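The values are calculated or read from the model by the stated rules, or taken from the named source; none is laboratory data. It should be emphasised that the depicted structure is a prediction, and the values quoted were computed from it without experimental measurement. Note: ideal-geometry Cβ built from the backbone for every residue, glycine included; neighbour counts use all protein chains shown.
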Amino acid sequence: MNPGQKEKNLSRQQSQGLTALVLAMFSMNVGVSLIVPLLPIYSESLGASGFLIGAIFAANPFVRGTMMATFGALSDRREKKSILRLGLVGYIAVALGFLFATTAMHLLILRILQGVVSAMLAPVARAYAGQMSRSESQGAVMGTMNAGFFAGFAAGPLIGGALADLFGMDAPFIGMALLGVVSLALVHRSVPEQHPGPAPDARQISETSRIFEMLRNDIIRGLLLMRSSVAMGRGIFSALLPLFAQMVLNLSSTQIGLVITLRALLSSLLQPGFGRVADRHNRKWLAVGGFALSPLAFFLIPMSSSMGHLVMLTVILGLSTGISVPAITSLTVDRGRLYGMGRLMGMEGMFQSFAMATGSILGGTAMDVFGFDYAFTAAAVISGLGLLCAQWLLRGYSDRHVPAPKALLKTP
């Protein structure tokens, strides 16, 4: 086979692998998000306080954050497909476990286990896609990958709310398990093996040294802070919006699912287009400008007096994510080519998960002590301040210029 034909076959295989990976992650996230509009209400029905509801929401991202960097770095040294398969088997088991929960503590334990499983899936899948992309099209590739993630989150809440209204609380968890089986089949059948090559920083330095070298880079710190500050606000939003919608606006589970779906659907639809925009324009300003919409929406949520108002604000949040995430993911891929794709994706996921966990606990506690208004205002303030600090750290960013980390250029 001539080199041109070999390259063409490799390109086709990678394209098919990316398509299968996007479809698998879509199916998985539909399953995860089936329970989003139900979990706070389900937790309260089992006797959980506002603090415990926040803890139940926080358990998944906190544990995921603790382990993401480890699994991300592991994926730079091990075959990624096997990690994805193992994670999906665990995902199915946890989904079935929700069927047997009888107390709020059972939910907390299951969310902890779900966090472990998520740590094996999200950073590895994104690193897989990032490693397959070319620098001139990485925004479009990561935008497509993100679209699969967000489309899954878009479809799930509405379906989950409708299933709960029609068939009872067990139905969404059964659906979650079935979609896990679909994801596992897609990964096993169509995603090619991706054996690790030599890491970009494959020198005689420790893993700890590599991590600290990443954290000394202002661009990376700015990216981590931007994702973390908005994730903390989103943690407050995710934990409290279903309760706010039910207790203040008297919305049904289906209506709550529709509100959450609209936000995620808009985010998903915008991802590929703004990924291509990020390949042609300054990624920093797309990231900063898009994320700036989030604090505004958080601040206005307590003023909502109808489902229409709430829909308008969740649309603003969808715009924020759809515009900014492809740009910031592309910036992360840039740095991942130097520091290790899985390592940096895992680090980013860790910071984001810890922030979301903290936000969920802060939101639940603020609701217990002060009420909904203060909780959502806190989300706006935290997101806004974090965004300002991130903008300062990104001040030296020059589009398409990735400075080589000095420590990693030294020979052993």
Within the range 93-116, identify whether any single residue is modelled with pLDDT of 70 or more, among the basic types (Lys, Arg), closer than 28 Å to Leu317 by Cα and under 14 Å from the mean Cα position of the chain (by Cα), and answer yes or no.
no
Would you check if there is a residue in the range 324-336 being in a helix (DSSP H, G or I) and over 18 Å from the mean Cα position of the chain (by Cα)?
yes
Number of positions in the range 183-206 that are modelled with pLDDT of 75 or more and buried (at least 17 other Cβ atoms within 10 Å of the Cβ):
4
Hey, Gly235 within 21 Å of the chain's Cα centre (by Cα), surrounded by 24 or more Cβ atoms within 10 Å (Cβ to Cβ) and in contact (Cβ under 8 Å) with a residue 24 or more places away in the chain or not
yes
Determine, yes or no, whether Arg283 is touching an Asp or Glu at 6+ places or on another chain (Cβ under 7 Å) and within 21 Å of Thr332 (Cα to Cα).
yes
Which listed residue is among the small types (Gly, Ala, Ser), within 19 Å of the chain's Cα centre (by Cα) and at pLDDT 75 or above, from Ser360, Ser353:
Ser360
Taking the range 381-407, which residues are modelled with pLDDT under 70, of a type in the set (A, V, I, L, M, F, W, C) and either outside any helix (DSSP H, G or I) or buried (at least 18 other Cβ atoms within 10 Å of the Cβ) (or both)?
Val402, Ala404
Six or more apart or on different chains, Cβ under 7 Å: which pairs go from a residue in the range 94-107 that's over 18 Å from Gly175 (Cβ atoms) and among the β-branched types (Val, Ile, Thr) to one that's surrounded by 14 or more Cβ atoms within 10 Å (Cβ to Cβ) and modelled with pLDDT under 85? Could you list them?
Thr103/Leu46
What pairs come out if I take residues in the range 256-280 that are part of a helix (DSSP H, G or I) and pair them with residues that are of a type in the set (D, E, K, R) whose C-beta lies under 8 Å away, six or more apart or interchain?
Asp279/Glu136
Residue that is of a type in the set (Ser, Thr, Tyr), surrounded by 18 or more Cβ atoms within 10 Å (Cβ to Cβ), within 19 Å of the chain's Cα centre (by Cα) and at negative phi, where the choices are Ser253, Ser268, Ser304:
Ser268
Quick check on the range 370-380. Is at least one of its residues buried (at least 24 other Cβ atoms within 10 Å of the Cβ), over 13 Å from Gly65 (Cβ atoms) and either of a type in the set (Phe, Trp, Tyr) or within 20 Å of the chain's Cα centre (by Cα) (or both)?
yes
